[in-house]
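*Asks:* Just passing along the structure, written as structure tokens.
The values are calculated or read from the model by the stated rules, or taken from the named source; none is laboratory data. Since the model is a prediction, treat every value here as computed from it, not as a measurement. All Cβ positions, even for glycine, are placed from backbone atoms using ideal geometry, and neighbour counts span all protein chains on display.
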Amino acid sequence: MPGAEATAGAGTGSPADAAGAGAGAGARSGSSDAGPPGRGRGPVVAALMLGMALAALDGTIVSTAVPQIVGDLGGFTVFSWLFSGYLLAVTVSLPVYGKLSDTFGRKPVLITGIVVFLVGSLLCAGAWNMASLIAFRVVQGLGGGALQGTVQTIAADLYPLKERPKIQAKLSTVWASAAVAGPAIGGLLAAYADWRWIFLINLPVGAVALWLVARHLVEPQRTKPVRRPRIDWAGALAVFAAGTLLLTALVQGGIAWPWLSAPSLALLGGSAVLIAVTVLIERRAAEPIIPGWVWRRRTIAAVNLALGALGLLMVAPTVFLPTYAQSVLGLGPIAAGFVLSVMTLSWPVSAALSNHVYNRIGFRRTAIIGIALAALILAAFPLLPYPGEPWQPALIMLLLGGALGLFQLPLIVGVQSTVGWSERGTTTASVLFCRQVGQSMGAALFGAVANTVLASRLGGTGDLDSVSHALADPASLTAESADHLRRAVDAAVDHVYVGAAAAAVVALLVLVFVAPRRFPVIADKPEG
């Protein structure tokens, strides 16, 4: 744990990045930097880690209990909305919470998010059918949006620039631990207790986080006069509507209905219209939810695009690798999860050490090295032998986690350091929003790629889900048929990883040609 007292003005970046700081950057941000005082940071850090744990565990812990949930409530045809509904709510609420935290402060937004998440968890535990559970998951997601964005913003407020990798490494460790522990906890609760405890377990954890935030988080005292805030309700509604339609089209397209069917075309067309309406509303609003400067400043725009590509490429390991491990390598669910989890071990270690790199060569160059390595590692996956050994994809994932730790953390720390306190919430939310949208786009795009490859290998029939289910019962297949299906899945996942490598190349090009050579870092100093 860092020292109790933050050193004033300590947050200077690397020589390459700090060279761009100065009066121009400070004027553009609209305020000087401020954050919670350094004294007594330990309880606040504990609260942030507990809050992040609530959001991080949510997806992994629920996924293992789906059979029990469906067996109790029914609704097998729509159970995917347990995840899609939550994802939609988190994604579309991120920009709104980011702006609210800049307007009213982090503390009330984080407390509201925790309360909404816990209310949603309690409602989920009392759900009486699948429709009610999906609706309550949306409520939970509305709280999760505040948790994800505000926790990351407070982490940047709490630490000066040179110490931010410490808190970011802690938060990365929470995500890594959740990826490993979530499925085990969910499976144990579903098997030996009841699936409703998966949601009830959030209540004591959230209550402790709520108490720590309410008691120990102290907002900065700003001496500048603060005018009465004006909330852009029309913009918030437009962002919600446009985001919901677009993400619904991406999440359900090719699954609930064909891509070129009337529902897909209607949703995509409607989302395009609503996006245009949102832009018009935001350009006229006095205090827009998504300000134009988020895209006019090269640093923020480049980081948004690069992390959007990160969300896209992450679909390959997180969604398709477990299927590859079970269907091609013949591993069980636990062993398949281990192949993926090694990435979550190397990622936080690499992120924690990345400050030694970007303090020497700068944020942009460090991220370029990380994403270039990631592109090469992803492109190496199709070169693995068939069927191969489990340690081979595990090694790929271990190396990929190390590369992405060098890529993501310098960009997040760097972009948060280019804005003052009054803009940091909006900036952080825009980064997370783009990453979430990229993930949704990746799921839709790579799902289509995988199913197209399978269809071509299997004579125009079959999709990844049906093939995986068939391979889960090998006794029903001849050895020749099982091998044919495994080779088809292997080819499909190989193509997905090639697409992920292409996404990494896109991120690389963005950093090379769009991002400024030096991030315009603002030195940490008290507001006034």
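*Asks:* If I go through the range 351-360 residue by residue, how many of them are among the small types (Gly, Ala, Ser) and free of Cβ contacts under 8 Å to residues at least 40 places away in the same chain?
*Replies:* The qualifying residues number 0.
*Asks:* Any chance you could count how many residues in the range 183-242 are under 27 Å from Pro322 (Cα atoms), within 23 Å of the chain's Cα centre (by Cα), modelled with pLDDT of 85 or more and surrounded by fewer than 20 Cβ atoms within 10 Å (Cβ to Cβ)?
*Replies:* Residues meeting the conditions: 1.
*Asks:* Within the range 260-296, can you find the residues that are within 12 Å of Ala234 (Cα to Cα) and among the small types (Gly, Ala, Ser)?
*Replies:* Scanning the range 260-296 gives Ala285, Ala286.
*Asks:* Scan Leu171, Leu94, Leu123 and give me the residue that is within 17 Å of Thr426 (Cβ to Cβ), out of contact with any Cys (no Cβ under 6 Å at 6 or more places or on another chain) and of a type outside the set (Gly, Ala, Ser).
*Replies:* Leu94
*Asks:* I would also like to ask the following. Test Pro348 against the stated conditions and say whether it is within 23 Å of Ala178 (Cβ to Cβ), assigned to a helix (DSSP H, G or I), in contact (Cβ under 8 Å) with a residue 12 or more places away in the chain and not acidic (Asp, Glu).
*Replies:* yes
*Asks:* Given the conditions (1) free of Cβ contacts under 8 Å to residues at least 12 places away in the same chain; (2) buried (at least 23 other Cβ atoms within 10 Å of the Cβ), report the number of the one that Val109 does not fulfil.
*Replies:* For Val109, the failing item is (1).
*Asks:* Same structure again: If I ask for residues that are crowded, with 21+ Cβ neighbours inside 10 Å and over 17 Å from Leu400 (Cα atoms), which ones from the range 491-509 would you list?
*Replies:* Within the range 491-509, just Ala492 meets the criteria.
*Asks:* Only residues in the range 508-521 that are under 12 Å from Ala309 (Cβ atoms) count as the first member; pair them with residues that are surrounded by 21 or more Cβ atoms within 10 Å (Cβ to Cβ) and not basic (Lys, Arg), Cβ under 6 angstrom, at least 6 apart or cross-chain, and list the lot.
*Replies:* Partner pairs satisfying both residue conditions: Leu508/Ile371; Val510/Ala302; Val510/Ala306; Leu511/Ala306; Leu511/Ala367; Leu511/Ile368; Val514/Ala302.
*Asks:* Continuing with the same structure: Return the total of residues in the range 230-277 being touching a Gly at 6+ places or on another chain (Cβ under 7 Å) and in a helix (DSSP H, G or I).
*Replies:* 2
*Asks:* A follow-up question, please. Just to be sure before I move on: is Lys99 in contact with a Pro (Cβ under 9 Å, 6 or more places away or on another chain) and surrounded by 20 or more Cβ atoms within 10 Å (Cβ to Cβ) in the structure I sent?
*Replies:* For Lys99, the condition - in contact with a Pro (Cβ under 9 Å, 6 or more places away or on another chain) and surrounded by 20 or more Cβ atoms within 10 Å (Cβ to Cβ) - is met.
*Asks:* Quick one: which of Thr173, Thr150 is of a type in the set (S, T, N, Q) and surrounded by fewer than 24 Cβ atoms within 10 Å (Cβ to Cβ)?
*Replies:* Going through Thr173, Thr150 in turn, the sole match is Thr173.
*Asks:* Also, I was wondering about something else. From (1) crowded, with 18+ Cβ neighbours inside 10 Å; (2) farther than 30 Å from Ser101 by Cα; (3) at pLDDT 85 or above, pick out the condition that doesn't hold for Ala444.
*Replies:* It is condition (3) that Ala444 fails.
*Asks:* Identify all residues within the range 296-335 that are among the hydroxyl-bearing types (Ser, Thr, Tyr) and in contact (Cβ under 8 Å) with a residue 60 or more places away in the chain; write none if there are none.
*Replies:* If the condition is that a residue be among the hydroxyl-bearing types (Ser, Thr, Tyr) and in contact (Cβ under 8 Å) with a residue 60 or more places away in the chain, then Thr299, Thr323, Tyr324, Ser327 are the ones that fit.
*Asks:* Within the range 97-132, how many residues are over 23 Å from the mean Cα position of the chain (by Cα) and part of a helix (DSSP H, G or I)?
*Replies:* Final tally of qualifying residues: 8.
*Asks:* Looking at (1) crowded, with 20+ Cβ neighbours inside 10 Å; (2) under 30 Å from Leu161 (Cβ atoms), can you tell me which one Gln326 breaks?
*Replies:* (2)
*Asks:* Could you identify the single residue in Leu340, Leu307 that is touching a helix residue (DSSP H, G or I) at 6+ places or on another chain (Cβ under 8 Å), assigned to a helix (DSSP H, G or I) and under 26 Å from Val415 (Cα atoms)?
*Replies:* Of Leu340, Leu307, the one residue that is touching a helix residue (DSSP H, G or I) at 6+ places or on another chain (Cβ under 8 Å), assigned to a helix (DSSP H, G or I) and under 26 Å from Val415 (Cα atoms) is Leu307.
*Asks:* How about the range 276-308: which of its residues are surrounded by fewer than 17 Cβ atoms within 10 Å (Cβ to Cβ) and either under 28 Å from Leu508 (Cβ atoms) or of a type in the set (D, E, K, R) (or both)?
*Replies:* Result: Arg283, Arg284, Glu287, Gly292, Trp295, Arg296, Arg298.
*Asks:* As an exercise: evaluate Pro291 against (1) part of a helix (DSSP H, G or I); (2) not assigned by TED's automatic domain parsing to the domain that holds Val505 and give the number of the one condition it does not meet.
*Replies:* Failed condition: (1).
*Asks:* Would you point out which residue out of Pro387, Pro382, Pro393 is more than 21 Å from the chain's Cα centre (by Cα), at pLDDT 90 or above and over 26 Å from Val512 (Cβ atoms)?
*Replies:* Selected residue: Pro393, the only one of Pro387, Pro382, Pro393 that is more than 21 Å from the chain's Cα centre (by Cα), at pLDDT 90 or above and over 26 Å from Val512 (Cβ atoms).
*Asks:* Moving to a separate point now. Which residue, of Val138, Val116, Val109, is under 30 Å from Leu340 (Cα atoms) and among the β-branched types (Val, Ile, Thr)?
*Replies:* Going through Val138, Val116, Val109 in turn, the sole match is Val138.
*Asks:* Further question: Could you please find all residues in the range 497-525 being out of contact with any Leu (no Cβ under 9 Å at 6 or more places or on another chain) and assigned to a helix (DSSP H, G or I)?
*Replies:* Of everything in the range 497-525, those that are out of contact with any Leu (no Cβ under 9 Å at 6 or more places or on another chain) and assigned to a helix (DSSP H, G or I) turn out to be Val505, Leu508, Leu509, Val512, Phe513.
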